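J.: Take this structure, written in C-alpha cells, and hold onto it; I'll ask about it next.
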Amino acid sequence: MDKSNPVASAVKFRGGGFAPTPLRGVGALVFFALIAFAEFGTRSGFISALTLPRPSDVLLTFKELYTSGLLWKHLLPSLTRLAVGAALGVSAGICVGVAIGLFSLVRAGLVPVVAAIFPIPKIALLPLFVIWFGIDEGSKYALIAFGTFTPTVVATYGAVDNVDRTLIRMGQSFGLSWFSIVRKIVLPGAMPGILSGLRISLAIAIILLVAAEMLGAEYGIGAYILEAGALYDLERLFAGVVILSVIGVIVSATLGLLERRLLDWRT
Amino acid sequence: MSNLINRRTVLKLMGGTLAAPFVLKHAGAANRKIKVGALRFTSHSASFVAFERGYFADAGLDVELKFFQAAQPMAVAIASGDIDYAVTAISGGLISLAQKDAIRVIGGALSEEAGIDGQKILASDAAYQDGVTTPSALDGKSFGMSTAGSSFHYMGSRIAAQEGVEMKFKPLQKVGAIIGALKSGQIDAWSIVPHIAKPLAGSGAVHIIGNVSDYLPDYQVTTVFTSRKNALEEREMSEAFLNAFSQGIDDYTAAMIDKTADEDAMVDLIHKYVYADRERAKAAPSIINGTMRLNKGAALNMASVTDQLAWFQSENLVDSDISIDQLVDASYVDITGQ
Amino acid sequence: MEIRLEGVSHHYADMEVLRDITLDIPQGKIVCIVGPSGCGKSTLLRLIGGLEQATGGRILQVGDAPADCLNPLTYIFQDFALLPWRTVAGNVSLVLEDHGISGQQANKIIDDVLNRTNLQSFRHAWPRQLSGGMKQRVSIARALAVNPAVMLMDEPLSALDSQTRELLMDDLIGLWTATQFTAVYVTHNLAEAVRLGHHIVLLSRRPGRISDIISLDMPLNERHFGDPVLEAQQARLWTMMRDEARAADAELLHG
Ligand SMILES: Nc1ncnc2c1ncn2[C@@H]1O[C@H](COP(=O)(O)OP(=O)(O)OP(=O)(O)O)[C@@H](O)[C@H]1O
Ligand SMILES: [Mg+2]
C-alpha cells in the first residue's frame, strides 16, 4: 500500500433510529383507513351485517340520538356519575396517599389494605354496593369512587415518596414549618406523579361506568350500550362505544391542559 | 351467512377436509352431529327427554347438549354457528339477529295456557305492605327486568298497559340480581316462571299478586329457533330435530300435565339436568311447580309472536321494518292463533 | 455569633464517622473543611446545622444571633436545592413566607439579594432556564435573604465547571468583603480552600479527625487565580493529604 497516498473513504454512519419522532396526521390517517375499510366492506357485502355495523349507519344512529334529545338524556346522568364518583374517589385517594407518604404509621397500616383491595374487580362488589348504598345513584357513585380510589392512592404515595429529599432537607434547614413543607414542597413535588396517576384513575372511571350502569340504570351511556348489546343492535352499540371513547379523549385532553397549567415549570 | 368473514367457518372447512375419510364412514343423514343449546330450566325439559330417551338418536341426530347461563348468549351462539338449535324467549336481541339473517324461529315451546299454572307477577314485601296487592296498584312502581327488550320488559309493559298504570323498568342484567333486588325491596315488582316464583313467595320475602296469563292468555313464551341456513338449507335435519323434540314434549306433557305417564320417572329424568345440585326430595317440588304447557308438536302461536314483534317495534327496540317472515319460518310446524 | 465544637464524634450504626472534633468557628471568618472522600465532612456540616444529632460531644452557639437574623444557621447545597416550580423570586420568597414577610417588605428583600448576586434580570425565570452557576447564585441569594449568622456550604461549587467556579469564587469574595459573614465551607477542592479560607481544617480519612489546621493571613480580596503563594499552600496541603486520600480511595465502602 502506498503510504503517502492512502485511500480516503467516508466514515460509515452507524447512528440513527431508536428515536421516536412525532409524525402528525398519521394517527388520523389510520383511523380514516380503518373506517373506510369497514364502510367499503359492509357495503360490498364481504363483511356481513352480523360482523360489523356500517360506519355511516353508526353515524346516522348517532344523529338520531342527538336530534331525538336522547343523547343528553343518556349523557347527563353518566357524566354526573363520572364526575361525582371520580371526585369522591380521587380526592379521598389523594388524601390517603399523601397521608401514607407522610406518616409511617399510616403507611404501615394502610399499604397492605390498599394492596389487598387493589386487585379486587370492583364490578364483583356491585351487588354489595346496591345493598349498602341503594340501587339508585348511591351504588353507582360508590362503584366509580371505589374504582378510582385505589389507583389514586398508589400513584399519590409513590409520587410523595419520589419527591426530592434534598428539597425537604432544604425546607427544614430554612426552618420552614411542617405544614409549609407539605404544602409548598411535598405537594407540588408530587403533583406530576399525582396527575399521571389521575390519567389512569379516570380511564378506569370510564371503564367502570358501564359496570355501574348494569344495575338499575334506565338512562346512561353504559345502560345504552348494555341495552344495545342485549338487543344485538350493533349500530347503537358502536355509537355508545364511540361516545365513551370521545369522553375518554376529552378527559385526557383536559388533563393535558391541567398538566400544562399546573406543571408549566417543567418545560 | 355465506359471505361472512368468519375464522371459524374457515377452520371448519379446513377441519372438514382433513377429517373427510372418517366422516365417510358415517355418511348419509344418519348420525348428523349437532349441538343443542339449553338452559337448566324445566321449560327446556323437552330437549332433555328427547336426548335421554333416544328420540334424537332415533331421528339420526347425534346430539350434544350445550348449557348456557342466559338466553341472550344462546341466541348469539346460534348466530355464530356454535350451536344448531335452541329454545328461548323472544327478545329484542333475537329479533335483531333475525333481521340480520342470522336466525329463524321454526317452532314454539313454552306457552301460557288458561288452567295451567303459568308465570307469576311478584311484588316485594315492602311494596306489598304498601298496598301493592294487585297489579292494578303498580302505578309509579319499579319493575325488574334483565335488560330492555327482554321478555320481562314485554310482560311488564303489557301488564302496565292493560292496567293503565305507569311503571319504571329497572335493568338488572341477571335473574339473580333481580331476585336480590326484589327481596331487599330495591325494586317493587317482577314476573317470572312459577318454579322460581313459588319458592320465593314461600319464603315470605315476596308476594304473588297475579298471573301473567290474565294479561297475556296465549303468550308464546319460548320458541324453537335455529340458524337461517339450517332453516332454509337443512330442511331434513331441522324436521328431524323438531320431530324428536315433539316426542319429548309429548312425554313431558303426558307425565306432568295429563298424568297419563309416570311422573316420578319424568322428575328423575329432569332432575339430572335441573336442580342437579339439590337432592331429589328437595328438587322434586320445584320441578313439579315449574310445570308449564309445552306446545304439542312444537306448534307456534303466531298471534302472540306477532303481538310481541309489534310491541318491540312500537317501543323502538327493534327496526320498524322487520316483517314477521324475517323472524319466523312458518313452514315447519302447526301455526295456531291465526 | 460563633460556633464552638467540643469533642464531637459521630457514629452511623457501628460505623464511626467522626472522632473527637474540637473546633472554633470565629465570627466573620470562613473556615474551610477539606479531607478525603467519605471522611465525614458533610456529616460534620449537618451536625453543625442541627439537621442531625451528634452521638458524642457538644456543639455550642456562642453569643446571640443578630436581631434581624431570620435563620441563624443557613445552608447552601451542592445541588442548589431550588424548587423547580417556583421562579427565582419565588424561591427566595419561600424562605421569607414562614416568617410572615410578604408583599412590599418581601419584595424589598428579594430586590436587595438579587441585586447583590447580579440576578435582577432573572427575577421571573424558572430554575430550568438557568445555568448551573446562575442556580447556585439563586441559592446564595436565598441564603442571604434570611440574613444568616453562619453560612454552611457543602461543596457549593462542585457541580459547576471550572470557569463558572472561578466566577462564583470571585462573587463569594465580593460578598464576604461587603458583609464579612461567618461561614463553614466544605470542599474537596484545595484550590477553593486556599482562595476562600481564613482557616483550613484538614480531616483525616474515616473516622474523620482533625489532622491539621492552617491559617492564611492574606486578605481574601487579594487572593487571585494562579497566585504563587496560594499555589505553594495548595501543594503543601496536597502532600499532607495525599497518603490519606490514597488509603481512603483503596478502602472498601462499608467494608
Ligand atoms: N445517613 C447515613 N447513614 C449511614 N451512613 C452514612 C450516612 N451519611 C453518611 N454516611 C456514611 O458516613 C461516611 C461519611 O459520609 P459523609 O457524607 O459525611 O462524607 P464526606 O466527607 O462528605 O464525603 P464526600 O467527600 O464523598 O462528600 C461515609 O462512609 C458515608 O457512607
Ligand atoms: Mg460530602
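The values are calculated or read from the model by the stated rules, or taken from the named source; none is laboratory data. A quick note: this is a predicted structure, and the numbers were derived from the prediction, not measured. Reconstructed Cβ throughout: ideal geometry from the backbone, glycine too, with neighbour counts over all protein chains shown. Keep in mind that these areas ignore ligands, DNA and RNA; they rest on the heavy atoms of the full protein, side chains included. Shrake-Rupley method; radii C 1.70, N 1.55, O 1.52, S 1.80 Å.
J.: Within segment B:312-327, identify whether any single residue is outside any helix (DSSP H, G or I), surrounded by 14 or more Cβ atoms within 10 Å (Cβ to Cβ) and either β-branched (Val, Ile, Thr) or free of Cβ contacts under 8 Å to residues at least 40 places away in the same chain (or both), and answer yes or no.
T.: So far as segment B:312-327 goes, yes, one or more of its residues are outside any helix (DSSP H, G or I), surrounded by 14 or more Cβ atoms within 10 Å (Cβ to Cβ) and either β-branched (Val, Ile, Thr) or free of Cβ contacts under 8 Å to residues at least 40 places away in the same chain (or both).
J.: When you scan segment C:81-98, do you find a residue that is open to solvent by less than 40 Å² (accessible area, probe 1.4 Å), of a type outside the set (Ser, Thr, Tyr) and within 16 Å of ligand 1 (Cβ to nearest atom), even just one?
T.: Yes, segment C:81-98 contains a residue that is open to solvent by less than 40 Å² (accessible area, probe 1.4 Å), of a type outside the set (Ser, Thr, Tyr) and within 16 Å of ligand 1 (Cβ to nearest atom).
J.: Is it fair to say C:GLN53 is within 14 Å of chain A (Cβ to nearest Cβ) and touching an Asp or Glu at 6+ places or on another chain (Cβ under 7 Å)?
T.: No, not satisfied.
J.: Let me ask something else about it. Tell me which residues, restricted to segment B:297-311, are of a type in the set (A, V, I, L, M) and surrounded by fewer than 17 Cβ atoms within 10 Å (Cβ to Cβ).
T.: B:ALA303, B:ALA310
J.: Scan A:ALA239, A:ALA230, A:ALA223, A:ALA190 and give me the residue that is in contact (Cβ under 8 Å) with a residue 40 or more places away in the chain and within 14 Å of chain B (Cβ to nearest Cβ).
T.: Step by step, each of A:ALA239, A:ALA230, A:ALA223, A:ALA190 is checked, and only A:ALA223 is in contact (Cβ under 8 Å) with a residue 40 or more places away in the chain and within 14 Å of chain B (Cβ to nearest Cβ).
J.: Only one residue in A:SER180, A:SER201, A:SER139 is open to solvent by less than 50 Å² (accessible area, probe 1.4 Å), out of contact with any Leu (no Cβ under 6 Å at 6 or more places or on another chain) and over 23 Å from A:VAL98 (Cβ atoms), so which one is that?
T.: A:SER139
J.: Which helices (runs of 4 or more DSSP H) does segment A:119-175 wholly contain that include 3 or more residues that are over 30 Å from C:THR74 (Cβ atoms), among the hydrophobic types (A, V, I, L, M, F, W, C) and in contact (Cβ under 8 Å) with a residue 60 or more places away in the chain?
T.: The helices (runs of 4 or more DSSP H) meeting that bar are A:137-161.
J.: Here's another thing I want to ask about it. Among all residue pairs at least 6 apart or on different chains, which show Cβ distances below 6 Å where the first residue, located in segment B:141-160, is more than 13 Å from chain A (Cβ to nearest Cβ) and the second is polar (S, T, N, Q) and open to solvent by less than 10 Å² (accessible area, probe 1.4 Å)?
T.: B:MET155/B:SER191
J.: A follow-up question, please. Scan (1) touching a helix residue (DSSP H, G or I) at 6+ places or on another chain (Cβ under 9 Å); (2) without any contact (Cβ under 8 Å) to a residue 60 or more places away in the chain for the single condition A:PHE179 breaks and write down its number.
T.: The one condition A:PHE179 does not meet is (1).
J.: So, one more: Look at B:LYS100 and say whether it is open to solvent by 10 Å² or more (accessible area, probe 1.4 Å) and within 14 Å of chain A (Cβ to nearest Cβ).
T.: So B:LYS100 passes the test.
J.: Residues that are modelled with pLDDT under 90, closer than 29 Å to C:GLN27 by Cβ and within 16 Å of ligand 1 (Cβ to nearest atom): does segment C:231-241 have at least one?
T.: Yes: segment C:231-241 contains one or more residues that are modelled with pLDDT under 90, closer than 29 Å to C:GLN27 by Cβ and within 16 Å of ligand 1 (Cβ to nearest atom).
J.: Moving on to the next point. Filter segment B:103-135 for residues that are free of Cβ contacts under 8 Å to residues at least 24 places away in the same chain and in a loop (DSSP other than H, G, I, E, B); which is most open to solvent (accessible area, probe 1.4 Å)?
T.: So, considering only residues that are free of Cβ contacts under 8 Å to residues at least 24 places away in the same chain and in a loop (DSSP other than H, G, I, E, B), the one most open to solvent (accessible area, probe 1.4 Å) is B:ASP130.
J.: Further question: Restricting segment B:245-275 to residues that are touching a residue at least 60 places away in the same chain (Cβ under 8 Å) and open to solvent by 60 Å² or more (accessible area, probe 1.4 Å), which is farthest from B:GLY108 (Cα to Cα)?
T.: B:LYS272
J.: Moving to a separate point now. Restricting to segment B:273-302, give me the number of residues that are outside any strand (DSSP E or B), farther than 17 Å from B:ALA254 by Cβ and in contact with an Asp or Glu (Cβ under 7 Å, 6 or more places away or on another chain).
T.: The qualifying residues number 0.
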